[in-house]
Amino acid sequence: MSDNATSARAGISSPEASLTLRVRFSEWIDRHSRQLFITPAVVMILIFSIFPLVASLIIAFSRIRLRGGGYSVRFVGFDNFSKQIFGSEQFHFLGTFAPISALGWVFGLGVLGLVLFWLFKYATAKFTVLGFLGRVITASMAVGLAFMFAATLLSGKPFGTLGTTLFYVFVGCGIQFLIGLGLAFLCSQPIRGRNFFRVVFFIPMMITPIGVGYAFRMMADTTKGPFSPLWKWVGWGDFTWATDPWAARIFIVVADSWQWIPFIFIVLLAALENVPRDFVEAAQVDGASSREIFFDITWPQIVPVAATVMLIRVIEAFKIVDLPNIMTSGGPGIATESMSLHSLFAWRSLDLGQSSAVAYLLLFVTVVTCVSFFNLIVVGRMRANG
Amino acid sequence: MKHLFKKALGLAAAGCMTAIMPASAQDYNGVEVNILTRPGPVIAQRLVERGEEFTAMTGAKINVAEVPFAELFQKLLTDWATGTNSIDVGVFASGWAVEMVDGGLLEPLDGYIANDTKIDMDDIAPYFREFNQKIGGETYLITVDGDFQMLYYRRDILEEIGMEPPRTWDEYMTVAAAMHGKDMNGDGEADYGSCIFKKRNAQSYFAIMSMAAGFVQTKGTGHGIFFDPETMTPKVNNEAWAKAFEVYKATGEFGPPEELNHDIGDTRGLVQAGRCGMVIDWGDIGPLSIDESGAAIKDKMGAVIMPGSTEVLDEATGKLVACDATTCPNATDGINYSPFAAFGGWAGAINAKSDDQVKQAAYDFLSYVNQAAQSNVDVTMGWTGYNPYRNSQLNNTENWINAGFSEEFALNYLGAIKDSLNHPNMASDIRIPGAQQYTGVVLDRELARFLAGEITSQEAVANIEAGWEEITDDFGRESQATMYKLSLGITN
Amino acid sequence: MAERTLMERLFEPAQIGHMPVGTKIVVYSLLLFWTAFVLFPIYWVFITSFKSAVDVNSGPVYLPFIDFKPSLHAWKELFVFDWEDTLKAYTNSIIISLFATALSVLIGSMAAYALARIEYAPKFGSILIFVLSMIAAFVGVGVYGVDWRLACAVAVAVFFFLIKALGRFYAARLGNGDILFWMISQRILAPVVVVVPIYMMFQSVGLLDTHLAIILTYAVVNLPIVIWLMYDFFKSIPIELEESAQLDGATRLLTFFDIVLPLSKAGLAATTLLVMILAWNEYLLALFLSTSKAQTMPILVAAMNAGERGILWWNMSVVIVVMIIPVVVMAIILQRFIAKGMLLGAVKG
């Protein structure tokens, strides 16, 4: 079968000569298939990702200036990082710190306690060095972030781009997951026009993020946008999304959700439709309530897919840049500025060192979050489900 | 239709030019000049059209490439600094040139100008000739557009409420309050007394510098509004800048509710729709008001020099003191004006690494665009984005009336420009390495935080001082001081 | 039925032939609400492309011919007067996204298949040596101004020498999972960090402003997504078919192209569509790797923000509308695959 296919494909006229050649060639291929399959990908990633990665790591530890005939580099050690975390850019990256309020202490110490308890449980139950080390990193980042929020948001001061990014990631992705799941569930019902809804719901993902940004800027315009009569009618003619920090952040989450819910929706819909019907029917015969059916049968079936799709989504969400850039330019103040945008702004003003430093901090936060998510939730689930 | 008209006009002009100057000039057959600038129609479109004429005259091909404004500077600098050199000419904000000259990227042009009989440098207004085109006494740029900010107002509304154009920011607030809430375009809805863009990462920092200039600079263009030229200590952590911040925020009270998210484009849209009583803007509003999209404000706009102040900064104490003969030597009627050359205008510069013949062709093209015969027509058209910078443009109303200005408005508009341009106390934009970081990042960010209510005006100016000091130390204090002095024309 | 809660009615499993009327109303109204939410911004962009400046700036108007007189001025501007530029950007976008997608899907699915079926066990020490010698090369180029070709050659030579010399002293190995994670983690990096190094890289080989540069970059940027999705998909295909093919003497390559790929049509279609969308819409990298000849459509969108002259909403809307059309057509063609293909690793159980 396959032999016929190849000779037809090769279309060689003299069968004997070609046979030996072909055999030798396919033997060679067979022997090297291990390398052949993976080498192109590895080489491309090495060239295009590792070089820039290392180059920007060097930039992050130096002050670099573009000038005639190239650029000048001066090593400054951890200056770029300490400026973000302790120095003059602290308010920008972490937030404006205030003495921690009572609420802040409760929250911060609460998180600390929980994390310590969790670590203790892990250390006493099943202990591996690598696992413990990973958990310590996750735990210290969680505690650090908790105290950052305690000293800024919970003490009445604004937080910086790190907080904003986390808001986009956790609130945004949470909402997107819930709505995406809900829509997928509705569309998996026996309803008319499923294909219509499926295509329509998928459309927002196909629009270039820049276009989405501009479209939502028009939507949100309360003076000449489509909803301005509605705002006036409600009596909010003077209210504007763009001038209130929380409204602006929410508004960006709305646009982000508009664009990305389709992705989650389409994947989860596929997963839901893949749930074997006989399982559900058997359960119904047994008299299980529909809620039990959803949580005991459907949900475990779609969890692996849901975890993967959320992991992809979370990675992309950490990089959010076009929407805040276009809709609010990071304003009001620095309220809607994500870390990626922070890095972009630094880069536009030719401060490549700061730009790379912020990007590396982003990389660190993303990696810790994603790896924790993957190891603690996805792997745990998979083990639980066998 | 408009577009066809533009093309026709361009071709007609080309016809005239070829008739006047036969192919004698230069022969650049086979030479290609690659220009990079911001997206058209503004600035770029006219370069394309003039480029076609230039090709017909000399044979040199002019390619105009366009990248989004926010990315233009990075793109030029990366192309030139890494030695890619795919671009021969950049048409960009003149203020950016300092950094490029500092890196040795731009071709000095004095030699070319000496051999150029047509450019007539003396006709270019002194500010642009001496400050804008030059860096450290050497000409590197050819202006195609003259930029500084003025105050525009609705003459009809001002008459209606029986007031005079404001001279100080206090008067501005009074007039804005009186205008606010009136229906200015007849659609039955309340309109706004004052429109000043306040968006972050847009052009807001130009407006705040325009406001601060009148409080800070008193002793002529060489005085400067940013630093002490000797020590590079920022002159920003004081009552004068704090006051400017407060004024800027206060104008929002009489502005559109969304003003915090408005950039200049949004503001101009509102102005053209007839919804603003007063507006701070560059020279463009004049020609825009006779554009077809500005029908609602045709012949209704007036222009005046930027408001000044009766109180100015005492540098020793950092406090505001009353204007008198010693504190404000350049004051008129006790008011210190300091029109700010925001942005400095679009100008062309040539890549030092291009081939000699390309450089000569590039220079000839920039000179061609700059020459009175061409630019005096271009500046009267709103869509070109070119604003006047030559005396012959300012002293001669004929071109403007031909373009559709009423005589009254032409005189008023050109008068306001002349008042500003020839003002001995005109304030220069920041023109030292890192300019973008000083203003576009630190100043802009603190301004945005102040407007958003995150910090007070005192905290804002203190933060700016700290941020500026950091940048200065980063670039080297001595060299920055030298560059700053040069930019102010201090050559001791 | 009356005693059933709303939740229960909503969670009614799918195979029940008919839905109660109340559930039906709730379900359809939710779906229609979401349809409106999805379509309204698109509708608004669409009608804005027919509006004149005055219609946009002086307050909202909703219905063409009733509220305002639609005009084709923006369409004319882009497709009559500036048609050369528009067409250039459009063809660039099509060429770049097609080739980038093809390259990415081909290379990515090969790697994904290999990771799903073949055991790899690179030595940890070798990788460490490789990374260290590369860092040394970069430091040499960046700081001491060594020629990059020389530095790379030396680094590679040192790498092989050290492997030979030290290879027997370490034994720790990595597995397929680690390679997979490494490849996928490349997606985490924000484009703004890598754009300047990538720019310099293409500049040094003279490929700036060419299709090839952007195609290669997009292919790599999207490779992690392809590998990830296709890995899960290949894992879900029963291995028996391949084993029997191999017993028949088919090589791995043949097995892959003749047996595995046809079985993965749905997954390939979905992955292709996703990668194509990402490549079609990308902005920042395209901006830097192109100057004029290779400019793509998203740059045209951004260019309609004319700064001081305001945003040319009408022109921008035209660009967005013409950008949506081809992707929507693709999505409708591929839609029967999407549902199946987006399963990822769902079929494991």
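The values are calculated or read from the model by the stated rules, or taken from the named source; none is laboratory data. Note that this is a predicted model, so its numbers are computed, not measured. Cβ atoms come from the backbone with ideal geometry, glycine included; neighbour counts cover every protein chain shown. Accessible surface is based on the protein model in full, side chains and every heavy atom, while ligands, DNA and RNA are left aside. Shrake-Rupley method; radii C 1.70, N 1.55, O 1.52, S 1.80 Å.
Selection of segment B:63-89 for residues being within 14 Å of chain A (Cβ to nearest Cβ) and of a type in the set (Gly, Ala, Ser) yields B:Ala70, B:Ala81, B:Gly83. Of the residues making up segment C:296-318, those that are at negative phi, at the interface with another protein chain (Cβ under 8 Å from one of its Cβ atoms) and of a type outside the set (D, E, K, R) number 12. The set of residues in segment B:405-434 being of a type in the set (Gly, Ala, Ser), over 25 Å from B:Gly222 (Cα atoms) and surrounded by fewer than 18 Cβ atoms within 10 Å (Cβ to Cβ) consists of B:Ser406 alone. When segment C:226-268 is filtered for residues that are touching a residue at least 60 places away in the same chain (Cβ under 8 Å), away from chain A (no Cβ under 12 Å) and either of a type in the set (A, V, I, L, M, F, W, C) or open to solvent by less than 40 Å² (accessible area, probe 1.4 Å) (or both), the ones remaining, listed by number, are C:Ile239, C:Leu261, C:Ser264, C:Leu268.
For segment B:46-60, enumerate the residues that are within 14 Å of another protein chain (Cβ to nearest Cβ), more than 19 Å from B:Phe73 (Cα to Cα) and in contact with a strand residue (DSSP E or B) (Cβ under 9 Å, 6 or more places away or on another chain). The answer is B:Val48, B:Gly51, B:Glu52.
Any idea which of (1) within 26 Å of C:Tyr199 (Cα to Cα); (2) of a type outside the set (Asp, Glu); (3) part of a loop (DSSP other than H, G, I, E, B) is the one B:Ala97 doesn't satisfy? Looking at each condition in turn, B:Ala97 falls short on (3). No other residue among C:Leu150, C:Leu106, C:Leu128, C:Leu87 is more than 19 Å from the chain's Cα centre (by Cα), under 30 Å from A:Met206 (Cα atoms) and free of Cβ contacts under 8 Å to residues at least 24 places away in the same chain apart from C:Leu87.
This table checks each residue for (1) touching a Leu at 6+ places or on another chain (Cβ under 9 Å); (2) at pLDDT 80 or above; (3) over 29 Å from C:Tyr120 (Cβ atoms); (4) open to solvent by 20 Å² or more (accessible area, probe 1.4 Å).
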{"site": "C:Gly145", "(1), (2), (3), (4)": "no, no, yes, yes"}
{"site": "C:Ala153", "(1), (2), (3), (4)": "no, yes, no, yes"}
{"site": "C:Ala157", "(1), (2), (3), (4)": "no, yes, no, yes"}
{"site": "C:Arg173", "(1), (2), (3), (4)": "no, no, no, yes"}
{"site": "C:Ile179", "(1), (2), (3), (4)": "yes, yes, no, yes"}
{"site": "C:Val195", "(1), (2), (3), (4)": "yes, yes, yes, no"}
{"site": "C:Ile198", "(1), (2), (3), (4)": "yes, yes, no, no"}
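Of the helices (runs of 4 or more DSSP H) lying entirely inside segment C:222-293, the ones with 1 or more residues being farther than 30 Å from B:Ile35 by Cβ are found at C:240-247, C:265-281.
Summed over segment B:385-396, the residues that are surrounded by 17 or more Cβ atoms within 10 Å (Cβ to Cβ) and either of a type in the set (S, T, N, Q) or out of contact with any helix residue (DSSP H, G or I) (no Cβ under 9 Å at 6 or more places or on another chain) (or both) give a count of 3. Where helices (runs of 4 or more DSSP H) fall entirely within segment B:415-492, those with at least 3 residues that are touching a helix residue (DSSP H, G or I) at 6+ places or on another chain (Cβ under 6 Å) and under 30 Å from B:His262 (Cβ atoms) are at B:444-451, B:457-475.
Reported count of residues in segment B:182-211, each being open to solvent by 10 Å² or more (accessible area, probe 1.4 Å), closer than 19 Å to B:Tyr153 by Cα and polar (S, T, N, Q), is 1.
Only one entry of C:Leu216, C:Leu180, C:Leu150 meets the criterion of being more than 13 Å from chain A (Cβ to nearest Cβ) and in a helix (DSSP H, G or I), and that entry is C:Leu150.
Scanning segment A:224-244 for residues that are open to solvent by less than 10 Å² (accessible area, probe 1.4 Å) and not in a helix (DSSP H, G or I) turns up A:Gly225, A:Pro226, A:Thr240. Residue count for segment A:295-306, restricted to those that are at pLDDT below 85 and open to solvent by less than 20 Å² (accessible area, probe 1.4 Å): 4.
In the set (1) facing another protein chain (nearest Cβ under 10 Å); (2) part of a helix (DSSP H, G or I), the condition left unmet by B:Leu411 is number (1). A:Val212 meets each of the listed conditions (1) at pLDDT 85 or above; (2) open to solvent by 10 Å² or more (accessible area, probe 1.4 Å) apart from (2).
For segment B:439-492, name all the residues that are over 16 Å from B:Asp429 (Cβ atoms), polar (S, T, N, Q) and more than 9 Å from every other protein chain (Cβ to nearest Cβ). Correct list: B:Thr456, B:Ser457, B:Gln458, B:Thr472, B:Ser479, B:Thr482, B:Thr491, B:Asn492.
Within segment B:179-203, the residues that satisfy the criterion of being of a type outside the set (Val, Ile, Thr) and touching a His at 6+ places or on another chain (Cβ under 9 Å) are B:Ala190, B:Asp191, B:Tyr192, B:Gly193, B:Ser194, B:Cys195, B:Phe197, B:Lys198, B:Lys199, B:Ala202.
Checked against the criterion of being at pLDDT below 90 and open to solvent by 40 Å² or more (accessible area, probe 1.4 Å), segment B:171-178 has no qualifying residue. Among the conditions (1) in contact (Cβ under 8 Å) with a residue 24 or more places away in the chain; (2) surrounded by 15 or more Cβ atoms within 10 Å (Cβ to Cβ); (3) among the hydrophobic types (A, V, I, L, M, F, W, C), A:Val73 misses just one, which is (1). Looking at the structure I just gave you, is A:Ala306 out of contact with any Ser or Thr (no Cβ under 6 Å at 6 or more places or on another chain), within 7 Å of chain C (Cβ to nearest Cβ) and closer than 24 Å to A:Asn195 by Cα? So A:Ala306 fails the test. Filtered by the rule that a residue be in contact (Cβ under 8 Å) with a residue 40 or more places away in the chain and of a type outside the set (S, T, N, Q), segment B:374-399 gives B:Val377, B:Asp378, B:Val379, B:Met381, B:Gly382, B:Trp383, B:Gly385, B:Tyr386, B:Pro388, B:Tyr389, B:Arg390, B:Leu394. Only one entry in A:Pro40, A:Pro99 is open to solvent by 60 Å² or more (accessible area, probe 1.4 Å), out of contact with any Lys or Arg (no Cβ under 7 Å at 6 or more places or on another chain) and either modelled with pLDDT of 85 or more or not in a helix (DSSP H, G or I) (or both), namely A:Pro99. Scanning segment A:285-300 for residues that are part of a helix (DSSP H, G or I), at the interface with another protein chain (Cβ under 7 Å from one of its Cβ atoms) and not aliphatic (A, V, I, L, M) gives A:Ser290, A:Arg291, A:Phe294. Among the residues making up segment A:153-204, those that are among the aliphatic types (A, V, I, L, M), more than 14 Å from chain B (Cβ to nearest Cβ) and touching a residue at least 12 places away in the same chain (Cβ under 8 Å) are A:Leu154, A:Leu162, A:Leu166, A:Val169, A:Val171, A:Ile175, A:Ile179, A:Leu181, A:Leu183, A:Ala184, A:Ile203.
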